[in-house]
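Visitor: Supplied in structure tokens, the structure appears directly below.
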4 protein chains.
Amino acid sequence: MAEYPTGIGTSTTDSISLLGHDLASELLGQISFGELAYWLATKRRPTPGQLRVFEAVLVSLADHGFTPTAIAARLTYYSAPDSLQGAIAAGLLGGGSRFLGVTEDTGQFLHDVVLGLGDTDAWTPAEWDDAARAAITETRASGGKIPGLGHPVHKNGDPRTPVIIGIAEEAGVKGAHLELFEAIGRVHPEILGRTLPLNGAGVAGAALADAGLPVDLLRGFALLARTAGLIGHLAEERENPIGPTVYAEVDRNAVYEP
Amino acid sequence: MAEYPTGIGTSTTDSISLLGHDLASELLGQISFGELAYWLATKRRPTPGQLRVFEAVLVSLADHGFTPTAIAARLTYYSAPDSLQGAIAAGLLGGGSRFLGVTEDTGQFLHDVVLGLGDTDAWTPAEWDDAARAAITETRASGGKIPGLGHPVHKNGDPRTPVIIGIAEEAGVKGAHLELFEAIGRVHPEILGRTLPLNGAGVAGAALADAGLPVDLLRGFALLARTAGLIGHLAEERENPIGPTVYAEVDRNAVYEP
Amino acid sequence: MAEYPTGIGTSTTDSISLLGHDLASELLGQISFGELAYWLATKRRPTPGQLRVFEAVLVSLADHGFTPTAIAARLTYYSAPDSLQGAIAAGLLGGGSRFLGVTEDTGQFLHDVVLGLGDTDAWTPAEWDDAARAAITETRASGGKIPGLGHPVHKNGDPRTPVIIGIAEEAGVKGAHLELFEAIGRVHPEILGRTLPLNGAGVAGAALADAGLPVDLLRGFALLARTAGLIGHLAEERENPIGPTVYAEVDRNAVYEP
Amino acid sequence: MAEYPTGIGTSTTDSISLLGHDLASELLGQISFGELAYWLATKRRPTPGQLRVFEAVLVSLADHGFTPTAIAARLTYYSAPDSLQGAIAAGLLGGGSRFLGVTEDTGQFLHDVVLGLGDTDAWTPAEWDDAARAAITETRASGGKIPGLGHPVHKNGDPRTPVIIGIAEEAGVKGAHLELFEAIGRVHPEILGRTLPLNGAGVAGAALADAGLPVDLLRGFALLARTAGLIGHLAEERENPIGPTVYAEVDRNAVYEP
């Protein structure tokens, strides 16, 4: 007989259990949605510090204005206003390598390096700088790119980056991933020959990793955050749509090239 | 020249503004993800009471175990593990009329009735009962169904319902939608001839409406909550998959019927 | 023991059966993809005439240039080039009420009327005109719209319409749905007070219904046709992208409206 | 002023042009849907031989019974019957690396090898065998897998494979990709130490490449074919659903593992 294992939840006629707790008496009204999202993804309840960083990172990732994914969601809603779920899904489907991927790529890159560093608990900034130099040099030698560096708009520094690092510090969860990311920020100019900002998507990946979230699921948290942003865009599209204008402009300025 | 209006955010080289506030100095670390989601959807910052109800409702809606949508997301992940966004999107696409729709349907039903009631601020329970009787009778007469009534498992009462109502009461946001929903719970047996529980999806819709969220977007909040649940399911699917078993069982027990 | 009935296909170690035929020896190279699509949807093999109309209608629906759904697919591809399936899915998700829905709406509208007409085999054009007048008048009286009428560009007549009707006539499958649709084209000016073209999406719905396809699945055939169009758009997006320009234009012309 | 280039289509008040031809007078009723799909993807009209292979391959890929993607589409339709496009999109989203990817992976693998072979027009089978040996050996040495080999059910040979090859031969489009694929089929046992069938998804990729389709879009054609299959599954789900049974079985046999 086939069995379907799960540790998420169970229910009986009279009760619903979620993550081993009674939903009604132990969870509702007692944990935030952010806390539940962390817990569901990891099967561990976050510490207050981890939760503080997690909520801050979700807030930082929720919206980025008129991104291609937000525009795609709005156009989908314009075409099929009967299916809100379809418009949100369309917006999430752009959460791939080019846009939302930076968070996951940065977290995984840092994680791979950190795994090879041994015990870094008592490391000085200079030791982190050495590790960062080695990682950058090696990545470049094999033709790779350092994720989390550079931003098309915030060329002098992404305003989210120092704030997220500060929150992690205050919350006591700043760890190896953020240390390494900061060191990359310090040493990359001497290797790459130019100074690039540590971007907000990258610091989000580093901070989520330090906050105990699995690096191979980081894209998922970017998608969760973005779902809130997409609902905002679709709420606005109902009142003050841009979909018809985007369509009209593209159609009007189409140029036939055989 | 085409213009694309938005009130969500703007950014300059040095700053990011979200909902009229500086993201880095005014929002990060200072509001929860739930608060931002509310704010993005309504362009209004929630009161502490509204936020408490909103977070509780999101927690109540995040997971329902092995729903068809969770199974669909897991099967999609099994087929295309390279695209987490695709698996989440597939899970959300089931958020339509039959499953996730109850929250929105209940909120809209109650809202439509409430709009016709005039000033109900000083109403007694008996007055709410009369309004509920009229609404049920009229809906039945036109062949409609009362949304939010009944549950396939929690036949004696959905354990979420009294807790959500209690939180709304404590938070000072219990209003006309929950009053009417409770009254429906009291009077429907005398009209329908049987006693059905007020279900958790329905009370979620009523509570969200009382917490100031737009009734025609309620499905969106159910989808946001469910995104967290889907990430939990996909995290579990990575470790302890059910997708291959579902596939094998369906395939093995397929019966050809020309 | 649970069973999963299907009449689509079965396979053994040595053979694959599809729709009751051996795939390798009876179908491959012997039927067109269009024929298989018809057969899968209906479990009936089309007559040559039905197939001719079906293929022509799919060709007529495959592309409509820079529609909102094509733009959404291209933007999704630009954001997540690693997931072609996500970009196609995003494009299909706009196949709802506003754009692709006309084909299904027209087919269903005509079908509902036709069901009430009795035996129309020997009807004269004048009899069809009477039926059309009654249907338009009744629909208008109940506040409804006649689907399939009007086009934002082809104001003097949609060039697809007479050709599709001609193909159906030649193929011997012109039936009650197209007859009624043509009659609506003739008589609506006297009732509506203005002359609107019978549009290509509408005639597609009428022709598919006459070709024996189920009217409650017509949207599916529009989606199938559009999948081919979306692949064309994405192939072009790889070579000569518009996604970056759409994004840049919307972002550059964003206007903050608090 | 932004411009949006496209070579797919244009329209004026009186005409619609598609791929440089008048849709109404030159295409409708004169080309099959398969021919249009080929043409849209490549901007080249297929030769009769190329079209014959393309249609046969689409037929071979359209359905594979109760695959995870078909089950996911059915579950989505069960949850949200109001959105056929959502159910089809959910089914396509599983078209990733594990299932539908084989067609593209095989086409690309063969293409990469073929590009390095120089002029193979007059090659003998023995020369192809040598090239196949080299490709397999090199791929294995770098830890890679040979795509298109092996099948969980058709262990003695996939019945589609010889038929597709035969059609390509007859149609005069058998070229380097199929030659190399056949050679892999002949020589792999001596290198891998066991005999695996050339599977249907792999031969589809080889045949599409020989038929002139771009190897980096082959997944798209698998998705197009599968769209027809999904419509068949959803048509069947309306009449004789399996979604409720899948849901009930998984739910009933859920085992809580904390």
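Rundown of residues vs (1) more than 12 Å from chain A (Cβ to nearest Cβ); (2) closer than 22 Å to residue A:27 by Cα; (3) not small (Gly, Ala, Ser), yes/no style:
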| site | (1), (2), (3) |
| --- | --- |
| B:157 | no, yes, no |
| B:162 | no, yes, yes |
| B:183 | yes, no, no |
| B:201 | yes, yes, no |
| B:222 | no, yes, no |
| B:228 | no, yes, no |
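Visitor: Follow-up. Among the residues of the range C:28-51, count how many are of a type outside the set (Ser, Thr, Tyr) and more than 7 Å from chain D (Cβ to nearest Cβ).
Guide: 11
Visitor: Looking at B:74, B:45, which one is touching a residue at least 40 places away in the same chain (Cβ under 8 Å) and among the charged types (D, E, K, R)?
Guide: B:74
Visitor: Based on what the data block shows, is residue A:9 open to solvent by 10 Å² or more (accessible area, probe 1.4 Å), under 20 Å from residue B:226 (Cα atoms), in contact with a helix residue (DSSP H, G or I) (Cβ under 9 Å, 6 or more places away or on another chain) and not hydrophobic (A, V, I, L, M, F, W, C)?
Guide: Taking the combined requirement at face value, the residue satisfies it.
Visitor: Is it the case that the range C:151-167 has a residue that's part of a helix (DSSP H, G or I) and acidic (Asp, Glu)?
Guide: No, the range C:151-167 contains no residue that is part of a helix (DSSP H, G or I) and acidic (Asp, Glu).
Visitor: Right, another one. Within the range A:98-153, restricting attention to residues that are of a type in the set (Val, Ile, Thr) and closer than 23 Å to residue A:69 by Cα, which residue is farthest from the other protein chains (Cβ to nearest Cβ)?
Guide: So, considering only residues that are of a type in the set (Val, Ile, Thr) and closer than 23 Å to residue A:69 by Cα, the one farthest from the other protein chains (Cβ to nearest Cβ) is A:106.
Visitor: Okay, moving on. Those residues that are more than 15 Å from the chain's Cα centre (by Cα) and modelled with pLDDT under 95, I need them from the range B:44-65; list them, please.
Guide: Selection gives B:65 alone.
Visitor: Just checking, does the range A:12-24 include any residue being at the interface with chain B (Cβ under 7 Å from one of its Cβ atoms), charged (D, E, K, R) and over 30 Å from residue B:17 (Cα atoms)?
Guide: Yes, the range A:12-24 contains at least one residue that is at the interface with chain B (Cβ under 7 Å from one of its Cβ atoms), charged (D, E, K, R) and over 30 Å from residue B:17 (Cα atoms).
Visitor: Taking the range B:75-88, which residues are open to solvent by less than 10 Å² (accessible area, probe 1.4 Å) and among the aliphatic types (A, V, I, L, M)?
Guide: Within the range B:75-88, B:75, B:80, B:87, B:88 meet the criteria.
Visitor: Of (1) in contact with a helix residue (DSSP H, G or I) (Cβ under 8 Å, 6 or more places away or on another chain); (2) open to solvent by 30 Å² or more (accessible area, probe 1.4 Å); (3) assigned to a loop (DSSP other than H, G, I, E, B), residue A:173 satisfies all except one. Which?
Guide: For residue A:173, the exception is condition (2).
Visitor: Related question: For the range D:53-91, give me each residue that is of a type in the set (Phe, Trp, Tyr) and more than 7 Å from chain B (Cβ to nearest Cβ).
Guide: Those that are of a type in the set (Phe, Trp, Tyr) and more than 7 Å from chain B (Cβ to nearest Cβ): D:54, D:77.
Visitor: Any residue in the range B:120-148 that's at positive phi: show its pairings with residues that are among the aromatic types (Phe, Trp, Tyr) and assigned to a helix (DSSP H, G or I) at Cβ separation under 7 Å, as long as the two are six or more apart or on different chains.
Guide: That search, which allows pairs on different chains as well, returns B:148/B:181.
Visitor: Among the residues of the range D:29-40 satisfying the criterion of being closer than 20 Å to residue C:66 by Cβ and in contact with an Asp or Glu (Cβ under 9 Å, 6 or more places away or on another chain), which is surrounded by the most Cβ atoms within 10 Å (Cβ to Cβ)?
Guide: Checking each candidate, the answer is D:36.
Visitor: Let me ask you something else. Being open to solvent by less than 50 Å² (accessible area, probe 1.4 Å) and of a type in the set (Lys, Arg), is that true of even one residue in the range A:139-157?
Guide: No; the residues of the range A:139-157 include none that is open to solvent by less than 50 Å² (accessible area, probe 1.4 Å) and of a type in the set (Lys, Arg).
Visitor: Right, another one. What is the number of the single condition among (1) touching a residue at least 40 places away in the same chain (Cβ under 8 Å); (2) within 24 Å of residue D:133 (Cα to Cα) that residue D:231 does not meet?
Guide: (2)
Visitor: Condition (residue is crowded, with 23+ Cβ neighbours inside 10 Å, at the interface with another protein chain (Cβ under 7 Å from one of its Cβ atoms) and β-branched (Val, Ile, Thr)) applied to the range D:203-220: is it met by at least one residue?
Guide: Looking through the range D:203-220, none of the residues is crowded, with 23+ Cβ neighbours inside 10 Å, at the interface with another protein chain (Cβ under 7 Å from one of its Cβ atoms) and β-branched (Val, Ile, Thr).
Visitor: Can you pull out the residues in the range B:94-122 that are of a type in the set (Phe, Trp, Tyr) and at pLDDT 95 or above?
Guide: Within the range B:94-122, just B:109 meets the criteria.
Every residue, every condition in (1) under 30 Å from residue A:248 (Cβ atoms); (2) of a type outside the set (Lys, Arg); (3) out of contact with any strand residue (DSSP E or B) (no Cβ under 8 Å at 6 or more places or on another chain); (4) open to solvent by less than 10 Å² (accessible area, probe 1.4 Å), yes or no:
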residue	(1), (2), (3), (4)
B:21	no, yes, yes, no
B:24	no, yes, no, no
B:27	no, yes, no, yes
B:42	yes, yes, yes, no
B:46	no, yes, yes, no
B:54	no, yes, yes, yes
B:64	no, yes, no, no
B:70	no, yes, yes, yes
B:73	no, yes, yes, yes
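Visitor: Something else now. Among the residues of the range A:94-125, what is the count of those that are hydrophobic (A, V, I, L, M, F, W, C) and either open to solvent by 60 Å² or more (accessible area, probe 1.4 Å) or in contact with a Gly (Cβ under 8 Å, 6 or more places away or on another chain) (or both)?
Guide: Total satisfying the criteria: 7.
Visitor: Could I ask something else about it? Among the residues of the range C:201-224, is there at least one that is farther than 26 Å from residue C:137 by Cβ and either in the same structural domain as residue C:34 (by TED's automatic domain parsing) or basic (Lys, Arg) (or both)?
Guide: Checked against the condition, which is being farther than 26 Å from residue C:137 by Cβ and either in the same structural domain as residue C:34 (by TED's automatic domain parsing) or basic (Lys, Arg) (or both), the range C:201-224 yields at least one hit.
Visitor: Would you call residue D:242 among the β-branched types (Val, Ile, Thr), under 30 Å from residue C:238 (Cα atoms) and open to solvent by less than 20 Å² (accessible area, probe 1.4 Å)?
Guide: Spelling it out, it is not the case that residue D:242 is among the β-branched types (Val, Ile, Thr), under 30 Å from residue C:238 (Cα atoms) and open to solvent by less than 20 Å² (accessible area, probe 1.4 Å).
Visitor: Of the numbered conditions (1) small (Gly, Ala, Ser); (2) open to solvent by 10 Å² or more (accessible area, probe 1.4 Å); (3) modelled with pLDDT of 95 or more, residue B:91 satisfies every one except a single condition; which is it?
Guide: Checking residue B:91 against (1) small (Gly, Ala, Ser); (2) open to solvent by 10 Å² or more (accessible area, probe 1.4 Å); (3) modelled with pLDDT of 95 or more, the one that fails is (2).
Visitor: Looking only at the range D:177-202, count how many residues are polar (S, T, N, Q) and open to solvent by 20 Å² or more (accessible area, probe 1.4 Å).
Guide: 1
Visitor: Still on this structure: For the range D:20-35, which residues satisfy the criterion of being within 18 Å of residue C:228 (Cβ to Cβ) and either among the hydroxyl-bearing types (Ser, Thr, Tyr) or touching a Leu at 6+ places or on another chain (Cβ under 7 Å) (or both)?
Guide: D:21, D:27, D:32, D:33, D:34, D:35
Visitor: Restricting to the range B:195-234, what's the tally of residues that are of a type in the set (Val, Ile, Thr), more than 28 Å from residue A:42 (Cα to Cα) and under 12 Å from the mean Cα position of the chain (by Cα)?
Guide: Going through the range B:195-234 one residue at a time, the tally reaches 2.
The values are calculated or read from the model by the stated rules, or taken from the named source; none is laboratory data. All figures in this text were calculated on a predicted structure; none of them were measured in a lab. Here Cβ is always computed from backbone atoms with ideal geometry, including for glycine, and neighbour counts include all displayed protein chains. Ligands, DNA and RNA are excluded from the accessible area calculation, which covers all protein heavy atoms including side chains. Shrake-Rupley method; radii C 1.70, N 1.55, O 1.52, S 1.80 Å.
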